[in-house]
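Scroll down for the structure; my scribbles are underneath it.
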Amino acid sequence: MTAQVFLPTTLTLPALRPARGRPRTHVPGPPQRERRSSPQIAERVRPLTRGQVGDRLQELGDLYAETSGGDPWAWNEARLAFLRHLAADARRPGFSLLIAETTALTGYAYGFPTSGTGPWWAGFDGHVRGRLLRSAASGRLFVVSGIVVPPRVRREYRDQVWNLARRLQRRLLADHGAALGVALVDVRDDRTVETMRSWGWRYAGDDTLQAVPRGPFRILVLAPGA
């Protein structure tokens with residue numbers, strides 16, 4: 001998830017090797033050979049209320065830093081910037097955050113519905129069309145603003161329905177009756193795009209990079225049930 005607070009909100013995955021300066025995302029390359037059998041769905045997924053999100057902000061920030069590799073920089077500047085980003089999104093109407101847990105917090109995802117108007121949408125109304133535009137106009141477009149999961153979820157079984165990231169994003173859309181999920185990713189962030197596409201995301205309007213309008217972001221969409 002992005003560690004900067006600005007609009008529109010961009011979604012990135014936690015960096016595995018945070019560098020100094022502006023936080024960047026580094027997602028592992030192709031999956032390595034799997035050394036264990038398929039995991040069972042162990043995590044319980046449930047929503048938090050706004051009050052519970054506020055009460056658990058520090059814990060949410062800790063997991064973000066841990067999944068970023070535990071570098072001291074991640075535990076400080078990046079972690080604090082991420083928490084500001086999360087707190088800003090939590091003030092949006094319809095904000096929702098789902099956590100996954102066993103005996104401890106193992107991951108979470110969050111976002112908010114958009115009607116296709118307002119600051120998040122500003123500057124993008126001319127770049128979207130078709131199903132995305134219709135979903136926005138009907139109020140059934142859901143912005144997935146953050147997905148925080150362990151590195152193994154990004155490497156292993158990415159195409160399986162029980163992959164934790166897939167479970168979280170699918171539940172977010174289902175809980176809000178969304179016709180479509182949308183995320184913005186920095187145009188330079190190829191690894192996040194690669195990982196999200198392995199989780200069922202596609203480019204808006206087409207399944208090719210050539211279909212994406214020029215600009216600072218790539219627009220990715222997710223169909224319910226993907």
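Points to keep in mind about this one:
- Residue check for residue 47: open to solvent by 20 Å² or more (accessible area, probe 1.4 Å), in a strand (DSSP E or B) and at pLDDT 80 or above: yes
- Some residue of the range 132-141 being at pLDDT 90 or above, in a helix (DSSP H, G or I) and not polar (S, T, N, Q): no
- Scanning the range 190-203 for residues that are surrounded by 22 or more Cβ atoms within 10 Å (Cβ to Cβ) and either more than 13 Å from the chain's Cα centre (by Cα) or of a type in the set (S, T, N, Q) (or both) yields 192, 195.
- The residue pairs whose first member lies in the range 147-171 and is within 23 Å of residue 83 (Cα to Cα) and in a loop (DSSP other than H, G, I, E, B), whose second member is of a type in the set (Gly, Ala, Ser) and open to solvent by 30 Å² or more (accessible area, probe 1.4 Å), and whose beta carbons are closer than 9 Å, counting only pairs six or more residues apart or on different chains, do not exist in this structure.
- Test result for residue 66, modelled with pLDDT under 90, out of contact with any helix residue (DSSP H, G or I) (no Cβ under 8 Å at 6 or more places or on another chain), in a helix (DSSP H, G or I) and farther than 15 Å from residue 146 by Cα: yes
- For the range 150-176, a residue qualifies if it is of a type in the set (Val, Ile, Thr) and open to solvent by 70 Å² or more (accessible area, probe 1.4 Å), and exactly one does: 161.
- Boolean, residue 174 is at pLDDT 90 or above and closer than 29 Å to residue 46 by Cβ: yes
The values are calculated or read from the model by the stated rules, or taken from the named source; none is laboratory data. Values in this document were obtained by computation on a predicted structure and should not be read as measured data. With ideal geometry, Cβ positions are generated from the backbone for all residues, glycine too; neighbour counts draw on all protein chains shown. The area values use the complete protein model at the heavy-atom level, side chains included, leaving out ligands, DNA and RNA. Shrake-Rupley method; radii C 1.70, N 1.55, O 1.52, S 1.80 Å.
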